[in-house]
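In what follows, a structure is listed as structure tokens, so that the remarks can point back to it.
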Amino acid sequence: MDIDSTLDGIGFTASGVKTTLVNGGENVKTAIQSSGENVKAGVWNWFHYAKSQIDAGLTSANSYLEDNATLQATTNRIYSLGEETHRTLAQAGHNVVSSVQSYGQHLFSAVGKAKDPTPINLNIISDKHIDTAAVTRAFHGIFQDTKSSTYDVVSGLAAQLVGPSAAVEGCKLRIQAARSQKLVPDEAVVVAVESFINEIIPGTWVEQYCMLVSDVPKKIELHVFSQPVNLPTPLAVKSKDATPPQYALRSSGYAKSIIEVISETFPDVNIKDWYTPFVGISNTQVLSLVSALIAALYHQRMVNMDPPTESEELDVEEEDMERS
């Protein structure tokens, strides 16, 4: 092969390569431009979408703020109305409470100043160791004209009563004995006082007072009990152990009273106020409370409750029999 032919072949080949490269470059350029346009279009489309979302969000936010402002205004109005209503109700409640309190103070003041003018001939029956002055003070605190007398009349029951039933029976027997002995007139108001012990649970003993008021003309008879006071168990045991099995009055209690046991065991203790050294509260305090209670109940019954007639009692009994 000659050199010229070879060169011509190379030239042709180079020209083809050049043409190929040029055409490839144009294609690459075109592809890049096309890709750029696509990218540009994609970015623009994304930006346009994001802007539309942002605009929509701003529109919603503005709408919410407008609605929220309305809601806030409504809430403020409701709160203002609630505050106004609260102040009005509070003032009304204060006025009601003040009126009730004022009326109550006036009522109690009137009750405290105005005693019942009904004359009371009070007769108190009890043992000598019981301070009956508390009973007199209680009735005098309610009835302006109160005259009292005290009698020591035995009941005929055990020396130491045990249980509330025995105490009530003891009060009734003392009153019956006083009237049968003509110590008190039939129209008199009689109050009997008994002390009794009671084992409320095994090994735990208490002492209490029982008071019974009897008013025959008014057909009033009612009884009350005082607050229980703890009794040292050894004292109750000694009273019980001193009672023989054949004791005739054992059904109502023991043969030796607690007062006797205390006098023998603690001779320096004042039997009229033996509560103080044993429990820290005086007998007079307990007696005063129960005396005030029975005086108030008696007055209430006397003023507010008329005794039923015999015909009314008979009607009640017949109605009870029909229902049964």
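The values are calculated or read from the model by the stated rules, or taken from the named source; none is laboratory data. This is a predicted model, so every value here is computed, not measured. Don't worry about glycine lacking a Cβ; one is built from the backbone with ideal geometry, like all the others, and counts go over all protein chains shown. With ligands, DNA and RNA removed, areas are computed over all heavy atoms of the protein, side chains included. Shrake-Rupley method; radii C 1.70, N 1.55, O 1.52, S 1.80 Å.
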Original post:
Residues Val286, Val290, Val261: which one is crowded, with 19+ Cβ neighbours inside 10 Å, modelled with pLDDT of 95 or more, out of contact with any His (no Cβ under 8 Å at 6 or more places or on another chain) and over 17 Å from Glu194 (Cα atoms)?
Top reply: Val261
Subject >> Residues located in the stretch 270-284, provided they are farther than 16 Å from Pro234 by Cα and either over 38 Å from the mean Cα position of the chain (by Cα) or among the β-branched types (Val, Ile, Thr) (or both) >> reply: Asn270, Ile271, Thr276, Ile281, Thr284
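Each row is one residue, and each column tells you yes or no for (1) in contact with a helix residue (DSSP H, G or I) (Cβ under 6 Å, 6 or more places away or on another chain); (2) under 16 Å from Ser257 (Cβ atoms); (3) at pLDDT below 95.
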| position | (1), (2), (3) |
| --- | --- |
| Lys128 | no, yes, yes |
| Ser149 | no, no, yes |
| Ala166 | no, yes, no |
| Ile175 | no, no, no |
| Arg179 | no, no, yes |
| Ala188 | no, no, yes |
Original post:
How do the pairs read when you match residues in the stretch 278-293 that are over 19 Å from Gly141 (Cβ atoms) with residues anywhere that are of a type in the set (A, V, I, L, M), using Cβ under 7 Å and keeping only pairs 6 or more apart or on different chains?
Top reply: Val279/Val229
Original post:
In the stretch 210-244, how many residues are touching a residue at least 60 places away in the same chain (Cβ under 8 Å), touching a helix residue (DSSP H, G or I) at 6+ places or on another chain (Cβ under 8 Å) and surrounded by fewer than 15 Cβ atoms within 10 Å (Cβ to Cβ)?
Top reply: 2
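Condition check ((1) more than 17 Å from Pro232 (Cα to Cα); (2) open to solvent by less than 50 Å² (accessible area, probe 1.4 Å); (3) free of Cβ contacts under 8 Å to residues at least 12 places away in the same chain) across all residues:
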{"site": "Phe143", "(1), (2), (3)": "yes, yes, no"}
{"site": "Lys147", "(1), (2), (3)": "yes, no, no"}
{"site": "Gly163", "(1), (2), (3)": "no, yes, no"}
{"site": "Ala166", "(1), (2), (3)": "yes, yes, no"}
{"site": "Glu169", "(1), (2), (3)": "yes, no, no"}
{"site": "Val190", "(1), (2), (3)": "yes, yes, no"}
{"site": "Gly203", "(1), (2), (3)": "no, yes, no"}
{"site": "Gln208", "(1), (2), (3)": "no, yes, no"}
**OP:** Check Val154 against each of (1) open to solvent by less than 50 Å² (accessible area, probe 1.4 Å); (2) of a type in the set (Val, Ile, Thr); (3) within 19 Å of Gln208 (Cα to Cα) and name the one condition it does not meet.
**Re:** (1)
**OP:** List the number of the failed condition for Ala177; all other conditions in (1) surrounded by fewer than 16 Cβ atoms within 10 Å (Cβ to Cβ); (2) on the phi < 0 side of the Ramachandran plot hold.
**Re:** (1)
